[in-house]
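Only one structure is covered here, and it is reproduced in the block below.
The values are calculated or read from the model by the stated rules, or taken from the named source; none is laboratory data. Just so it is clear, the structure is predicted and the values come from calculations on it, not from any experiment. Please note: Cβ atoms are built from the backbone with ideal geometry, for glycine as well, and neighbour counts cover all protein chains shown.
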Amino acid sequence: MTANDRKPVAPFYAVALLWLLCGLLLPLYAAPHYICLAVISAIIFFAVGRLCRVGSAETAPAPKAETESASAADSDLDKMLRDGAASIAEMKRLNDNIPAPGISADIARLEQASQQIFQAVRNNPAKLPQTRRFMDYYLPTTLKLLNAYDRMSHTGVSGENIDATLTKIETMIHRVAGAFEKQLDALYGADALDISADISVLETMMAREGLSESGGRDGDIHLEL
């Protein structure tokens with residue numbers, strides 16, 4: 001039984017105190033006296049009980065499920081931002097370490113898109129679920145490919161397998177940079193819809209009031225607030 005399920009004892013104490021005071025101060029020697037006192041006791045019992053329930057409701061703690069859900073969301077956001085900062089730092093290191101100008105430019109695109117993705121989620125944590133696959137697969141796999149490129153490009157050996165692998169990685173990183181930029185654009189999809197709706201409503205109102213360029217006659221514009 002929880003604290004909210006227990007019956008308050010204050011109503012019983014209030015009725016007991018009432019009978020004690022009446023027994024000491026009033027002459028209780030007839031049946032009507034006891035009947036009247038019993039009615040008053042019932043009223044006091046229910047009134048005090050109601051006050052206790054209202055007080056308990058006002059001071060009741062937040063539901064555990066809601067608290068745990070909020071904590072979990074905060075924890076997921078913090079982890080995402082920590083992992084994101086570490087990933088960007090790794091991109092910077094790899095970009096400094098990889099001399100090839102072509103892939104270096106694509107790494108810079110990856111870094112810029114990633115920073116903007118993390119900033120978008122920081123500004124609006126509701127976007128966090130949209131980045132699950134990005135964080136769990138695309139970002140770590142991309143870093144894995146870049147680390148492989150870094151190692152193989154510094155072997156000092158030019159061979160068929162090494163050269164072919166480096167070329168494949170360069171091609172894939174160029175495609176991934178575009179995918180990261182699309183992921184960033186997708187995060188603003190809902191915002192774009194909201195803005196489009198606002199613009200449509202604004203255009204409709206302006207046309208109805210004769211305030212748009214195509215509506216009304218010159219010199220015949222009246223603004224009503």
*What tally of residues in the range 154-188 results from selecting those that are under 27 Å from the mean Cα position of the chain (by Cα) and not in a helix (DSSP H, G or I)?*
1
*Do you know which of the residues in the range 149-170 that are among the β-branched types (Val, Ile, Thr) and more than 19 Å from LEU139 (Cβ to Cβ) is surrounded by the most Cβ atoms within 10 Å (Cβ to Cβ)?*
THR165
*Quick one: is ALA100 within 21 Å of ASP191 (Cα to Cα) and small (Gly, Ala, Ser)?*
no
*asked:* Residue under question is ALA164, and the condition is that it be in the same structural domain as LYS79 (by TED's automatic domain parsing), aliphatic (A, V, I, L, M) and in contact with a Lys or Arg (Cβ under 8 Å, 6 or more places away or on another chain); does it hold?
replied: no
_Every pair of residues 6+ apart whose Cβ atoms lie under 8 Å, when the first sits in the range 73-101 and is assigned by TED's automatic domain parsing to the domain that holds PHE180 and within 24 Å of HIS174 (Cα to Cα) while the second is surrounded by 11 or more Cβ atoms within 10 Å (Cβ to Cβ) and charged (D, E, K, R)_ = ILE88/GLU111; MET91/GLU111; LYS92/GLU111; LEU94/ASP150; ASN95/GLU111; ASN97/ASP150; ILE98/ASP150; ALA100/GLU170
_Residue that is modelled with the lowest pLDDT, among those in the range 51-108 that are surrounded by 13 or more Cβ atoms within 10 Å (Cβ to Cβ) and hydroxyl-bearing (Ser, Thr, Tyr)_ = SER56
_Yes/no for ALA120 being under 26 Å from the mean Cα position of the chain (by Cα), small (Gly, Ala, Ser), assigned by TED's automatic domain parsing to the domain that holds PRO99 and surrounded by fewer than 16 Cβ atoms within 10 Å (Cβ to Cβ)_ = no
*Got a sec? Which of THR204, THR131 is surrounded by 16 or more Cβ atoms within 10 Å (Cβ to Cβ) and of a type in the set (Val, Ile, Thr)?*
THR131
